[in-house]
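Contents: one structure, followed by commentary.
The values are calculated or read from the model by the stated rules, or taken from the named source; none is laboratory data. All values derive from a computational prediction rather than experimental measurement. Cβ coordinates were reconstructed from backbone atoms using ideal geometry, including for glycine residues, and neighbour counts include every protein chain displayed. For the accessible areas, the whole protein counts, side chains as well, though only heavy atoms, and no ligand, DNA or RNA atoms are used. Shrake-Rupley method; radii C 1.70, N 1.55, O 1.52, S 1.80 Å.
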Amino acid sequence: MRILFKQILIQDSRSSFYGKKVDLLAVDGRWHEIAPSIEAEADQIIAGSALQWFPSVVDLRVHNTLPGGEHKEDWTSLQAAAWKGGVLDFLLLPTGDPVPQQPEAIQFIAGKLAGSGVLAYPSAPLTLGNKAENFSDLMDLHQSGAHWFSHGAGSLQDTDLMLKCLQYLQPLAARVISRPDVKGLSLFGQIHEGLQSTLLGLKGIPVLAETMHVKRDLDLLAYVMEHSFGLAHPNFSLHFSCISTAESVRLISEAQKAGLPVTADVAIYSLIFTEDAVSDFDTMKKVNPPLRTEADRLALWQGLKDGTIMAVVSDHHPVEVEYKELEFDQAAFGTIGLETVALAFISEAKKQGLTTIDTHLSHAGAAFLGIQLPVLKEGEMLKGMLLETNSHTYHSADIVSKSKNSIFIGHTMEHKMVGVFNGLTYSYGQ
């Protein structure tokens with residue numbers, strides 16, 4: 001199979017062709033020739049006036065609905081949603097029912113989508129059933145291929161349990177993932193505690209609920225590293241997922257400068273929307289962490305620019321329609337995002353003057369998972385996505401996920417996904 005791409009702007013920062021418009025010839029799933037102009041026979045010619053090539057997305061936060069939640073998302077729809085969004089590698093949270101917590105379950109999930117063009121990387125629960133009562137078999141799970149551990153979609157509230165988990169895992173190449181939230185402070189909260197919560201009469205979720213947890217986990221990490229006796233693995237780290245406040249960015253930045261092995265990601269919706277988006281009680285915008293202030297949003301972008309925040313994630317969380325079409329205080333939290341994370345981020349990142357788009361969307365996540373995406377050069381496998389500048393409004397009818405709870409319904413996208421490629425598996429113009 002020979003595919004000729006004409007005049008494509010290369011947005012892979014690791015490539016020697018970065019920032020240039022070139023022709024590319026792919027033969028049997030690999031780049032055969034890259035040059036300013038190529039005249040060659042091809043089975044398919046792809047050309048356009050504003051086409052851009054990006055590495056595929058690596059998403060570090062996808063809620064697992066399986067088993068038990070097939071009505072919200074099954075393996076087929078999950079693969080389709082990821083493929084449509086150019087997300088060819090993603091980390092699955094241990095959120096099935098029952099929770100996948102046996103080595104066999106981890107291995108099953110890791111191989112489930114093999115051959116589909118998309119790969120899922122299963123994270124493992126820190127405690128059995130995510131109940132915060134007994135430890136899961138951390139060592140066996142790690143040996144089975146789970147190098148990422150979390151407390152479901154949240155974080156351990158029990159300080160002693162969290163400390164023990166960090167101590168047990170610090171000699172291993174393991175990432176402990178925490179979605180910081182002090183439950184006692186966020187209990188019954190609906191949106192950010194601020195102007196809109198006051199105007200709408202809804203209980204707020206204070207910034208303190210997040211930052212107090214960040215401080216606690218950083219203190220625990222510092223204690224563990226101080227008493228590691230030099231045995232901490234160089235690839236061990238604490239990772240904060242979906243941080244949403246300016247204060248969290250500051251705390252994590254200071255910890256990184258102090259030498260602590262700590263990283264962070266941010267959900268795409270926290271980079272796009274603010275608390276004002278819920279002024280009309282739109283339950284599609286009810287997410288957790290909640291949409292914060294404009295100052296927080298800009299601080300998150302600054303955290304990406306200075307490297308405090310390594311990656312942007314979709315926080316893909318399927319919710320059936322019955323739990324969204326309710327009064328706001330009764331509706332469920334969550335938004336899907338696999339299909340829109342790249343489009344939304346790339347458009348806004350350019351407005352914000354971010355020059356390392358592919359780093360935060362692809363390469364940092366790949367390093368976190370311990371994988372390496374192919375570089376765009378001759379001889380390498382083609383793996384990436386083709387976008388065109390094409391302003392359009394995102395509609396519910398565009399969604400291929402089983403669940404339709406997207407925060408981006410009605411949002412204007414400046415780019416459109418026109419092709420996704422992974423070796424011999426590809427889609428174009430569909």
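A residue that is of a type outside the set (Phe, Trp, Tyr) and open to solvent by 50 Å² or more (accessible area, probe 1.4 Å) occurs nowhere in region 267-275. Assess whether Ile3 counts as being open to solvent by 30 Å² or more (accessible area, probe 1.4 Å) and of a type in the set (A, V, I, L, M, F, W, C). It is false that Ile3 is open to solvent by 30 Å² or more (accessible area, probe 1.4 Å) and of a type in the set (A, V, I, L, M, F, W, C).
Among the residues making up region 333-359, those that are small (Gly, Ala, Ser) and either open to solvent by 30 Å² or more (accessible area, probe 1.4 Å) or under 24 Å from Tyr121 (Cα atoms) (or both) are Gly334, Gly337, Ala342, Ala344, Gly353. The residues in region 12-29 that are open to solvent by 30 Å² or more (accessible area, probe 1.4 Å) and either without any contact (Cβ under 8 Å) to a residue 24 or more places away in the chain or not in a strand (DSSP E or B) (or both) can be counted, and the count is 9. Note on region 114-136: residues that are open to solvent by less than 10 Å² (accessible area, probe 1.4 Å) and more than 26 Å from Asp158 (Cα to Cα) total 2. Restricting Ser77, Ser56, Ser116, Ser123 to those that are under 28 Å from Gly230 (Cβ atoms) and in contact (Cβ under 8 Å) with a residue 24 or more places away in the chain reduces the list to Ser123. From the list Leu218, Leu231, the one residue that fits, being at pLDDT 95 or above and either out of contact with any strand residue (DSSP E or B) (no Cβ under 9 Å at 6 or more places or on another chain) or within 24 Å of Ser123 (Cα to Cα) (or both), is Leu218.
Summed over region 365-399, residues that are in a loop (DSSP other than H, G, I, E, B) and surrounded by fewer than 18 Cβ atoms within 10 Å (Cβ to Cβ) total 9.
Test each condition in (1) without any contact (Cβ under 8 Å) to a residue 12 or more places away in the chain; (2) within 20 Å of the chain's Cα centre (by Cα); (3) assigned to a loop (DSSP other than H, G, I, E, B) for Glu70 and report the one that comes out false. All conditions are met except number (2).
Restricted to region 279-328, and to residues there that are under 21 Å from the mean Cα position of the chain (by Cα) and among the basic types (Lys, Arg), the residue that is most open to solvent (accessible area, probe 1.4 Å) is Lys305. Can you find even one residue in region 99-119 that is outside any loop (DSSP other than H, G, I, E, B), at pLDDT 95 or above and under 24 Å from Leu221 (Cβ atoms)? No, there is no match, as no residue in region 99-119 is outside any loop (DSSP other than H, G, I, E, B), at pLDDT 95 or above and under 24 Å from Leu221 (Cβ atoms). Assess whether Ser362 counts as being surrounded by 23 or more Cβ atoms within 10 Å (Cβ to Cβ), in a loop (DSSP other than H, G, I, E, B), on the phi < 0 side of the Ramachandran plot and in contact (Cβ under 8 Å) with a residue 12 or more places away in the chain. Considered against the rule, which asks whether it is surrounded by 23 or more Cβ atoms within 10 Å (Cβ to Cβ), in a loop (DSSP other than H, G, I, E, B), on the phi < 0 side of the Ramachandran plot and in contact (Cβ under 8 Å) with a residue 12 or more places away in the chain, Ser362 comes out as no. Got at least one residue in region 405-413 being under 23 Å from Ser270 (Cβ atoms), open to solvent by 10 Å² or more (accessible area, probe 1.4 Å) and in contact with a strand residue (DSSP E or B) (Cβ under 6 Å, 6 or more places away or on another chain)? Looking for residues that are under 23 Å from Ser270 (Cβ atoms), open to solvent by 10 Å² or more (accessible area, probe 1.4 Å) and in contact with a strand residue (DSSP E or B) (Cβ under 6 Å, 6 or more places away or on another chain), one finds at least one in region 405-413, hence yes. Please go through region 30-73 and give me each residue that is surrounded by 22 or more Cβ atoms within 10 Å (Cβ to Cβ) and within 22 Å of Thr359 (Cα to Cα), ordered by number. Hits for region 30-73 are Trp53, Phe54, Pro55, Ser56, Val57, Val58, Asp59, Leu60, Arg61, Val62.
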